[in-house]
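Working notes, beginning with the structure itself.
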Amino acid sequence: MTLKVLTVDDSKTIRMIVKKAFKPFDCELFEAENGVEGLSTASREKPDLIVLDVTMPVMNGIEMLGKLKSEPSLKDIPVIMLTAESGKDNVIQILKMGVKDYIVKPFKGEQLIERTQKILKLEPRKKGEAGKDPATEYFTADGDIQILSLPEKITKPVILGVEESLQAKIKTMKNSNGKKFILDLRKIAEINVLSIKLLLSIIQQCQKANISVRVVGTPAVSEGLKGFQETSAIKVNNSIEEAKAAT
């Protein structure tokens, strides 16, 4: 059975470490940047494990832990707390509140897996699942242009895989002076909240790197994007060649 793991940490680097640590195992990863988002995600997904940072904006880890323990449907979810060296004074408090374990940052993914295996049984991913590499499955290079072709169904594992590879692709483009990124949405069966979030994340990350994004899609994709305020003004090209030629 696929286990659900929720990481709540305002550091994208820490969330990436956690994600990579669990990648070899049959786990579905969820992320939140603060306690408020963490509680909302925990209530919705009912994860099998929460990896929770102590120090965060909006709502810190100790506050979130207290709310978890006061909620009957969430109080039994095992929690591993992450604390900085300077936050060791919090350890006694969080242990009294019922956390299963804690790790002092910085830490390695192997440490997290060791602690997790004392709490849950982790099953390796099936070979077919582990063999998929988003970097080669979805991304292709055409000269100095990077093309990302998204699959028919946008799932959370797809989003995690794409975002994990995206930073490396953007870095490569910056090093090679690549200035155009083409997002091919023609295979997508439905434009929904997940695909919109992924699209906006890709655009934002490319814009930060001064890389322009061109979108390719079907008429149905174009109509779907118009249905969301955040993407209603995006121009949709009919083909890769048209997107390449667009200025």
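The values are calculated or read from the model by the stated rules, or taken from the named source; none is laboratory data. Small disclaimer: the values here were computed from a predicted structure and weren't measured. No Cβ is skipped: glycine too gets one built from the backbone with ideal geometry, and neighbour counts run over all protein chains shown.
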Discussion item. List the residue pairs whose Cβ atoms are under 6 Å apart, where the first residue sits in the stretch 104-131 and is closer than 12 Å to LEU82 by Cβ, the second is at pLDDT below 90 and part of a helix (DSSP H, G or I), and the two are 6 or more positions apart or on different chains.
Written reply: VAL104/GLU85
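So which residues in the stretch 75-118 are among the aliphatic types (A, V, I, L, M) and under 22 Å from the mean Cα position of the chain (by Cα), if there are any at all? Before the answer, list the steps.
Here is the first cut: in the stretch 75-118, the residues among the aliphatic types (A, V, I, L, M) are 77, 79-82, 84, 91-92, 94-95, 97, 99, 103-104, 112-113.
ILE77, VAL79, ILE80, MET81, LEU82, ILE103, LEU112, ILE113, listed by residue number.
What are the residues in the stretch 170-198 that are within 16 Å of the chain's Cα centre (by Cα) and basic (Lys, Arg), if any?
Of all residues in the stretch 170-198, those within 16 Å of the chain's Cα centre (by Cα) come to 193-198.
Hit for the stretch 170-198 is LYS197, nothing else.
Which of the residues spanning the stretch 18-60 are β-branched (Val, Ile, Thr) and either outside the structural domain of ASP76 (by TED's automatic domain parsing) or crowded, with 19+ Cβ neighbours inside 10 Å (or both)?
We begin by selecting, within the stretch 18-60, every residue β-branched (Val, Ile, Thr); these are 18, 36, 41, 50-51, 54-55, 58.
Result: VAL18, THR41, ILE50, VAL51, VAL54.
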Practice prompt. Return a yes/no flag: does the stretch 101-118 have any residue that is modelled with pLDDT under 85, buried (at least 17 other Cβ atoms within 10 Å of the Cβ) and touching a helix residue (DSSP H, G or I) at 6+ places or on another chain (Cβ under 7 Å).
Written response: no
